[in-house]
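Shown next, in structure tokens, is the structure this report addresses.
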Amino acid sequence: VGVTLTFRDVTREREVSDMKSDFVSFVTHQLRTPLAGIKWMLELAAEDPALPADAASYVEDAREAAQRLIDLVNDLLDISRLERGRLTVEPVPVRLGDLTQSVLDETALILRDKGHVVSVSGGDAVPAVLADVQLLRQVVLNLTSNAIKYTPAGGAIAIAMRPEAGRVTWAITDNGIGIPGASRARLFEKFYRADNAAAVETEGTGLGLYLVRLILEHLGGHIQCESTEGQGSTFTLTLPVAP
Ligand SMILES: Nc1ncnc2c1ncn2[C@@H]1O[C@H](COP(=O)(O)OP(=O)(O)OP(=O)(O)O)[C@@H](O)[C@H]1O
Ligand SMILES: [Mg+2]
């Protein structure tokens, strides 16, 4: 009977890992400014009344692509900060009902395009939660855009909030394509996309739900998913009530 202890110096691995995160955050940070410039120029170009219809549609596609790149860069930047614990959060009381409404206003155009009907309930009945507004907005936006994206046109999306023993629950239910059982456990992994994503024509990197999980863990919250393939999904998050 004996015990073997093995010690290994991991200083080098730590250094490499830090260098990798530094590199990611440097690159993404450097991409943000020129990308914002491109999007701004394309918006100006779209307003030109002399623009032929063909060109206007190219400009619009380019503007959408620039927006997707900006969203991706922002996600990567937040992830690299959260992973390194370098994100300074300022938890303040946030009203989830108001935040939800502002995200729905932001996504109104795409909601109308897809013809989804959205219902919201319980916003006035729940107390404020303690969270960082920008980060919580990312969470609500990511979950909402997934519900929009993975629901065929003319779908129904329901957002419900309720108080629950010192915490607040916020749930979004869609009647979209649903998620296969085998994939459900992996949804919150970095870069993971389930096979169902191929069924609908969508762009995506599989970072959204990973970011949602990182943020909620950071804010003392929690997220879970229930889904029936072909019928729809519900994502439920809980957060502590502000004192
Ligand atoms: N409401 C939903 N209905 C059905 N499948 C979903 C839903 N939300 C997420 N999924 C599945 O979970 C996967 C991971 O979602 P996640 O938001 O992380 O990535 P994404 O939407 O593919 O890309 P992005 O990084 O742009 O958000 C999706 O690719 C999809 O397969
Ligand atoms: Mg997503």
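Spatially, region 94-166 and region 40-86 are offset by 23 Å when compared through their Cα centroids.
Packing order of peptides 123-132, 220-229, 83-92, highest average first: 123-132, 220-229, 83-92 (average count of other Cβ atoms within 10 Å over each peptide's residues).
Count Lys and Arg as plus one, Asp and Glu as minus one, and take only other residues whose Cβ is under 14 Å from that of E229; the net charge is then -2. Residues whose amide H falls under 5 Å from that of V120, counting only those 5 or more places apart or on a different chain, are I159, with hydrogens built in the peptide plane. Each peptide in 133-139, 52-58, 163-169, 71-77 gets a packing score, the mean of other Cβ atoms within 10 Å over its residues, and the list from highest to lowest is 133-139, 71-77, 163-169, 52-58. When each of the peptides 171-184, 36-49 is scored by how many other beta carbons lie within 10 Å of its residues on average, the order from highest to lowest is 171-184, 36-49. For chymotrypsin sites (Phe, Trp or Tyr not before Pro), the sites in region 137-205 that DSSP calls loop and that have at most 12 other Cβ atoms within 10 Å are F191.
Using 0.36 nm times the number of residues separating N74 and A46, minus their current alpha carbon distance, what extension gain do you get? My answer for the length gained is 7.7 nm. Find out how many positive minus negative residues lie around G154, taking Lys and Arg as positive, Asp and Glu as negative, among other residues whose Cβ is under 15 Å from that of G154. My count for the surroundings of G154 gives +1.
Short-range pairs are left out: with C-alpha atoms under 8 Å and at least six residues apart, the relative contact order of the chain is 18 percent. With θ taken as phi - 60° and the Karplus curve 6.51 cos²θ - 1.76 cosθ + 1.60 applied, the whole-hertz 3J(HN,Hα) list for region 208-223 is x, 6, 5, 5, 4, 5, 4, 5, 5, 4, 5, 9, x, x, 7, 9 Hz, x standing for glycine and proline. Simple rule: put +1 on each Lys or Arg Cβ and -1 on each Asp or Glu Cβ in the chain, find the dipole, and look at Q231, P163, V103; the Cα lying farthest toward the positive end is P163.
Laboratory data are not the source of any read-out in this text; all were calculated from the coordinates shown. Keep in mind that what you see is a predicted model, and the values were worked out from it rather than measured. In this analysis, Cβ positions are derived from the backbone assuming ideal geometry, glycine residues included, and neighbour counts consider all displayed protein chains.
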